[in-house]
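Notes for the one structure printed next.
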Amino acid sequence: MNPAQDSSPKQTSPESEASSRLTGFAYWSVIALGCLGLLMAINQTFNLSLLGFQPLGNAYLYYLIGIFLAAALIVFPAWSGAKSRVSWYDWPLALLALGSCAYLGYHGLVMIQQGWDFMAPTEATVAASILLVLVLEGVRRCGGWPLLGVALLFGCYPLFADSMPGFLWGNEYSLGETVRAHVMGVESIIGIPMQVVAQLVIGFVVFGCALTATGGGDFFMQFATSLMGKSRGGPAKVSVLSSGILGSLSGSVISNILTTGPITIPTMKKTGYPAHYAGAVEACASTGGTLMPPIMGAVAFIMASFLGVPYSEIMIAAFLPALLFYLALLFQVDIYAAKNGLKGMDPEEIPNLKATLKDGWPYLFSLFMLIYMLLFMRLEAYAPYYATLVLLGISLFKRKYRMNFKRLLSFMQELTTNVANLVAILAGIGLVVGGLSYTGVAGAFSRELLLYADGSIPLMLAAGAITSFVLGMGMTVSACYIFLSILLAPALVSAGLNPLASHLFILYWGMMSYITPPVALAAITASGIAGSSASKTGVYAMRLGGILFILPFLFVLNPALILQGDPVHILISAFTAVTAIWLLASGMEGYLYRVGTLNWPLRMLVMVAGAILIYPEWISDLVGFSLVVVIYLGNRMLNSPGAIKSGSQVRS
């Protein structure tokens, strides 16, 4: 990996950070915690009652939080100077997390029967206070100071809600009542986000880690190379395709860049892409994985729970927006290659497609099996475990991919790190949800937003986009989405927009902060691999992502693009959207297929045609397509032999 040429901060994935920090007893402790947590999740999901143990729903959540919060306090350092080893104070904190959650889980039934979230014994309030402090420390370590600030502000909101003006006024709670409501109530720490992780997300993390541990990352990289490597600008297209596939399975933007970037970025540079452009392509492609089915990261499962729909509906709705996202990137890198005369990869560097598929078919089979069980059998909780068993079973007969003991340990470490990171962050975000819910401010905020917007959908969408984007700078995508799904989404739905499209709109804009300065974590990470300026890579990532910023408005205004409506309308809308994206990409890069390099007036005309096609009306479609015809006919007439001859006579 090449060092960055400027003073950009280096980003590391949770897995790489854990690998350098965990040795000896700490390593085996984390593995043991991960095995215990996985065993408990499987026991609860399949109702196995192993050794007669089958806890109630709230008790299970406390046990799971205790296990993975303890793991997070061991894996993730308290400060940057402690990255090389586990500090002495991490151990008592981890034991406190286990002890407090064990107490709360053991008393889960009594807690419900006696209403401990309102009135609880002193020792229960003490245990809840300890857990609350540890949750805040966990969210600081895993999500950073900005996320801690948000969790603290809204977690403490019930303490001063009655002193706030106007629609910010809410129900007041004492300190003890606030602690009990957050920890022992059902709308905060153990609310919907944590329930989704416990019931659904862990299984999909298991599948993703198993795929990686058995060599799935290498297969999908070779698969993308065999498909796209020969075409012009092939390495950039390989980056887009492989990052999209792996990003969907991992759900982590930074980890995705650190996995695919060291292979794709040097290859792009070798074939003629500038370092900053190569880094920008990888940053954009990895960012889109959050939106790509079938897995999409934890946020999609949380969205399904908030909307009260099966996860398969989220998958179907996100398919076309994700496809448009990656088509936009493919158009731009192809147009850039055509404009600059870039070639594909050397033939000897490209693996044979047939041989690649023959070698790696177990990965595709297990992935298709997962999709089938999600879409047709609706086995959301069981599907990832069954798909993982199939993958591991097939790999036993293929020596190259067999899960040996070393791979098993790597699998458990990656699984524990990923789930610990999720649990720590979402427990903290639960405080935000609880603070807004208990005070009643969430509903009041949505009503006030509707009132101020005066029913103007463009104004509300603009406000939503800006808010999502700004919050995305300091929060994870999941945290940003959860926060705005409570405050903003109800207002968008009340204004008449499609509920599913509104939630995807919020998710999309929160995601885009990864490629936009001043934060642009994806661009900074990619620049470290490319050896380019972080600021320049960020600017080009934003330029490449210029079309991507328009996509959310496409599908939120036209539900056909989330595959809702009659098939004919969906096909027409999809064709129009693809044409709009192609025209905008051509205008951005200054090159049009079968026309060549565009001068500025023609470039602006192409972009105007693309912009007109965005609006979902047949009149705008007619005008947009008419402009495309005019552009091509005008270019043909200007470049015809007669026109050239006439022009030469005039000049003479």
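The values are calculated or read from the model by the stated rules, or taken from the named source; none is laboratory data. None of these values were measured; they are calculated from a predicted model. Backbone-built Cβ (ideal geometry, glycine too); neighbour counts: all protein chains shown. The accessibility values were calculated without ligands, DNA or RNA, using every heavy atom of the protein model including side chains. Shrake-Rupley method; radii C 1.70, N 1.55, O 1.52, S 1.80 Å.
Observations on the model:
- Within the option set 414, 448, being of a type in the set (D, E, K, R), under 30 Å from residue 133 (Cα atoms), assigned to a helix (DSSP H, G or I) and open to solvent by 10 Å² or more (accessible area, probe 1.4 Å) holds for one residue only, 414.
- Hits in segment 161-184 (condition: out of contact with any helix residue (DSSP H, G or I) (no Cβ under 7 Å at 6 or more places or on another chain), part of a helix (DSSP H, G or I) and either closer than 11 Å to residue 435 by Cα or among the small types (Gly, Ala, Ser) (or both)): 163, 166
- Restricted to segment 185-297, the set of helices (runs of 4 or more DSSP H) holding at least 2 residues that are closer than 16 Å to residue 364 by Cα and either open to solvent by less than 10 Å² (accessible area, probe 1.4 Å) or not β-branched (Val, Ile, Thr) (or both) comprises 202-213, 216-228, 234-250.
- Scanning segment 77-107 for residues being without any contact (Cβ under 8 Å) to a residue 60 or more places away in the chain, open to solvent by less than 50 Å² (accessible area, probe 1.4 Å) and over 19 Å from residue 142 (Cβ atoms) gives a total of 4.
- Per-region count, segment 108-123, residues closer than 17 Å to residue 57 by Cβ, open to solvent by less than 60 Å² (accessible area, probe 1.4 Å) and either out of contact with any Asp or Glu (no Cβ under 8 Å at 6 or more places or on another chain) or of a type in the set (Gly, Ala, Ser) (or both): 5
- Consider segment 137-158 and keep the residues that are part of a helix (DSSP H, G or I) and small (Gly, Ala, Ser). The one that is nearest to residue 68 (Cα to Cα) is 138.
- Across segment 585-601, the qualifying residues are those that are open to solvent by 10 Å² or more (accessible area, probe 1.4 Å) and in a helix (DSSP H, G or I), and the one among them that is farthest from residue 541 (Cα to Cα) is 601.
- Flag if residue 432 is touching a residue at least 60 places away in the same chain (Cβ under 8 Å) and either open to solvent by 30 Å² or more (accessible area, probe 1.4 Å) or more than 16 Å from residue 306 (Cα to Cα) (or both): no
- Among the residues of segment 335-354, none qualifies, meaning not one is in contact with a Leu (Cβ under 6 Å, 6 or more places away or on another chain), assigned to a helix (DSSP H, G or I), farther than 23 Å from residue 201 by Cα and touching a residue at least 24 places away in the same chain (Cβ under 8 Å).
- Subset of segment 340-378 (residues that are among the charged types (D, E, K, R), at negative phi and surrounded by fewer than 17 Cβ atoms within 10 Å (Cβ to Cβ)): 343, 346, 348, 349, 354, 358
- Residue 126 open to solvent by less than 20 Å² (accessible area, probe 1.4 Å), modelled with pLDDT of 95 or more and not small (Gly, Ala, Ser): no
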